Amino acid sequence: MASKSFSSSSSSSGCSPASDRRISVLARHLVAENALSSSPIYASPTSSANSVFAHIARGPEDPILGVTVAYNKDPSPVKLNLGVGAYRTEEGKPLVLNVVRKAEHMLVNDRSRVKEYLPIVGLADFNKLSAKLIFGADSPVIRENRITTVQCLSGTGSLRVGGEFLAKHYHQRTIYIPLPTWGNHPKVFTLAGLSVKTYRYYDPATRGLNFQGLMEDLGSAPSGAIILLHACAHNPTGVDPTPQQWEQIRRLMRSKALMPFFDSAYQGFASGSLDEDAQPVRMFAADGGELLVAQSYAKNMGLYGERVGALSIVCKDADVAGRVESQLKLVIRPMYSNPPIHGASIVAAILKDGNLYNEWTIELKAMADRIISMRKQLFDALHARGTPGDWSHIIKQIGMFTFTGLNSEQVAFMTREYHIYMTSDGRISMAGLSSKTVPHLADAIHAAVTRMK
Ligand code: PGU
């Protein structure tokens, strides 16, 4: 045997026992390689004509982010991307808030800052301030310390961590999501280990809330089921319950011990006021019951690529909250170990400084107002063209999106003929529109509804 003769010849040459061991390991390695090369089946993907991944089918593009991929490939000078929910200026450019630039400047000039790992739960200041932002500074859940807040990877990561925690530790594994909802919700929660069902939300006939359907479906959900609620500016419909309807939803959910899981991706974008947009969450927090909330700073601070968000779990008392946090750490650690430091430091710098905070609210309101003005301009432009149909939902709906009611053929027509890119469900991101591009969009909608009935 090759290994035997190799090791025996080495020991006879007077080597130490340690080098003997190394040589015998090397010998086994060489023998194994020899055995492989003489084998008729050669498994290395790099030197084989056929990849071991050859059977893999190409996956579809994402229904939302794939719209940008298609847009980027289009050489047309009039092309318009109304797919992704990302704010653009009147010039059609992405916006970095002035207050964010100031905070970054401060951070860069602060020589005491280091790049060490954050704790598993993220930046402590950021977590405290995020809880204050959504629940209110004087919230009893904060005062009584019966909340845990952990920094996560934007809204998506917060939803995923919350979903995984519930799948592991909560007695009910079914989550009800509104119909329709953000396209990633069912995927995030299914992969987290929950079983996903829907509740009625939108009525295409009225282009408004199907409140009766919603109440019936929540009413027949099993006790304890998790209910995903959009805190404000529902995506994709732009339709939110009124404060009175929220109160009825709250009562029904609490009476059936349904667990609220709020997705707050647009705080400040619906009304222009951070406090007003947080009202539904605060209403549920005020009744002493438990709940989860996922926050994102992608839209309201324009920190899309920084991936900064938070998951809060409100518990009955501080002791439970502490134990819940210990389990959240066990969910996070094997997923991504701990979150990134930069985005959270920007948010914390803004939230803790009175002047920066005020400046932020002014910039946020300006973004919300520009979107509202786009609604009015698009509505007027369709009215001026005599476009058939009632387009009043464009001004009634709130937040970043208008759920136009255009069908997938009409959308495909607008993309083909007018180079306008939007999701196939007829959702347009009003934040991607400007005074200059409104006429082009109105022409396209007019042509689509008159030619593609
Ligand atoms: N929840 C809702 C309701 C959302 O609309 C979005 C983003 C998220 C969570 C996740 O946002 P984060 O960026 O992870 O904080 N929806 C946008 C952005 C594009 C996308 O699909 O991620 C959209 O256009 O619907």
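The values are calculated or read from the model by the stated rules, or taken from the named source; none is laboratory data. A quick note: this is a predicted structure, and the numbers were derived from the prediction, not measured. For neighbour counting, all protein chains shown are included, and Cβ atoms are generated from backbone atoms with ideal geometry for every residue, glycine included. We work out accessible area using only protein heavy atoms, side chains counted, and drop any ligands, DNA or RNA first. Shrake-Rupley method; radii C 1.70, N 1.55, O 1.52, S 1.80 Å.
Structure values in brief
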{"quantity": "Residue ID - nearest to the ligand (Cβ to nearest atom), chosen from residues in segment 175-197 that are under 22 Å from Cys232 (Cβ atoms) and hydroxyl-bearing (Ser, Thr, Tyr)", "calculated": "Thr181"}
{"quantity": "Flag for Thr206 being polar (S, T, N, Q), farther than 22 Å from Ala298 by Cα, surrounded by fewer than 22 Cβ atoms within 10 Å (Cβ to Cβ) and at pLDDT below 95", "calculated": "yes"}
{"quantity": "Any hit, segment 132-140, residues being within 16 Å of the ligand (Cβ to nearest atom) and either in the same structural domain as Gly193 (by TED's automatic domain parsing) or exposed (fewer than 13 other Cβ atoms within 10 Å of the Cβ) (or both)", "calculated": "yes"}
{"quantity": "Boolean, Asn358 is of a type outside the set (A, V, I, L, M, F, W, C) and not assigned by TED's automatic domain parsing to the domain that holds Ala265", "calculated": "yes"}
{"quantity": "Whichever residue in segment 89-98 is of a type outside the set (D, E, K, R) and closer than 19 Å to Ser373 by Cα and, among such residues, is surrounded by the most Cβ atoms within 10 Å (Cβ to Cβ)", "calculated": "Leu95"}
{"quantity": "Candidate set: segment 221-272, residues that are hydroxyl-bearing (Ser, Thr, Tyr) and open to solvent by less than 40 Å² (accessible area, probe 1.4 Å); chosen: the one farthest from the ligand (Cβ to nearest atom)", "calculated": "Thr237"}
{"quantity": "Options Arg101, Arg111; residue that is exposed (fewer than 15 other Cβ atoms within 10 Å of the Cβ), more than 15 Å from the ligand (Cβ to nearest atom) and under 22 Å from Tyr297 (Cβ atoms)", "calculated": "Arg101"}
{"quantity": "From the options Ala49, Ala43, Ala32, Ala86, residue that is out of contact with any Leu (no Cβ under 7 Å at 6 or more places or on another chain), open to solvent by less than 60 Å² (accessible area, probe 1.4 Å) and modelled with pLDDT under 90", "calculated": "Ala32"}
{"quantity": "Residue that is nearest to His234 (Cα to Cα) [pool: residues in segment 358-411 that are of a type in the set (Ser, Thr, Tyr) and open to solvent by less than 40 Å² (accessible area, probe 1.4 Å)]", "calculated": "Thr402"}
{"quantity": "Filtered residues of segment 386-431 (kept if within 13 Å of the ligand (Cβ to nearest atom) and of a type in the set (D, E, K, R))", "calculated": "Asp425, Arg427"}
{"quantity": "Breaking point among (1) touching a helix residue (DSSP H, G or I) at 6+ places or on another chain (Cβ under 6 Å); (2) modelled with pLDDT of 95 or more, for Met452", "calculated": "(2)"}
